[in-house]
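*Asks:* Can you read through this structure? Questions will come right after.
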Amino acid sequence: MDRSVGTSILRIVLGITFLVHGFAKFETFDGIAGWFVSIGLPSFMPYLVTGVEILGGIGLILGFGTRLISVVIILLMAGAIFKVKLAVGFLGDGKMAGYELDLALLVMALHLALSGSYTLSLDGLLRRDKETSQDGRTI
């Protein structure tokens with residue numbers, strides 16, 4: 001099997017993961033917003049994080065803007081690890097989950113940021129259209 005298929009599966013699963021996490025925030029948004037402020041983050045951050053999770057998740061599922069979205073996710077996960085999770089350790093402290101999931105998601109996003117994902121994606125479709133229009137032949 002071609003490696004690009006595996007990368008596409010990784011992209012889609014990462015997208016679904018962020019989409020679901022974003023929608024889950026709506027159920028308890030006031031509590032999450034209050035918690036963000038309580039740990040010293042600006043009051044706009046829960047909106048930004050939720051937007052990145054939902055719109056970024058959709059973008060990854062569709063394969064549109066994969067590298068850019070992945071860089072934003074890397075920053076988001078690094079912030080979560082260093083601001084919240086690092087203090088409780090890799091596996092957590094029994095009260096809060098550790099940073100193992102955040103690190104795994106960060107590394108998945110890093111792979112996508114470095115390699116892109118063009119199979120089964122709008123990025124791939126746009127790339128093919130651009131290459132076709134530049135030299136007049138289909139690749």
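*Asks:* Choose one answer from 100, 53, 27: the residue with the largest mean-square fluctuation in a GNM of the chain with alpha-carbon springs under 10 Å.
*Replies:* Checking each option, the largest mean-square fluctuation is seen for 27.
*Asks:* Now, a different point. Using Cβ counts within 10 Å as a stand-in for footprinting exposure, how do 123, 2 rank, fewest first?
*Replies:* 2, 123
*Asks:* While we're here: Given contacts defined as C-alpha pairs under 8 Å and at least six residues apart, what's the relative contact order of the range 3-135, whole-number percent?
*Replies:* 30 percent
*Asks:* Related question: May I ask you to list the lysines whose Cα is less than 26 Å away from that of residue 25, ignoring any residue fewer than eight positions away on the same chain?
*Replies:* 83, 85, 95
*Asks:* How would you rank 129, 30, going from fewest to most other Cβ atoms within 10 Å of each one's own Cβ?
*Replies:* Fewest to most other Cβ atoms nearby, the residues stand as 30, 129.
*Asks:* So, one more: Just subtract the alpha-carbon distance of residue 45 and residue 101 from 0.36 nm times their residue separation and send over the number in nm, one decimal.
*Replies:* 18.1 nm
*Asks:* Moving to a separate point now. Only helical DSSP H runs with n ≥ 4 go in: add -39500 (n - 2.57) per run for the chain, normalise by residue count and round the 222 nm mean residue ellipticity to 500 deg cm²/dmol.
*Replies:* After summing the helix terms and dividing by residue count, I get -23500 deg cm²/dmol.
Only the coordinates and a few stated rules stand behind these numbers; no lab work does. Just so it is clear, the model here is predicted, and its values are computed rather than measured. Counting neighbours? That spans all protein chains shown, and the Cβs are built from the backbone with ideal geometry, glycine included.
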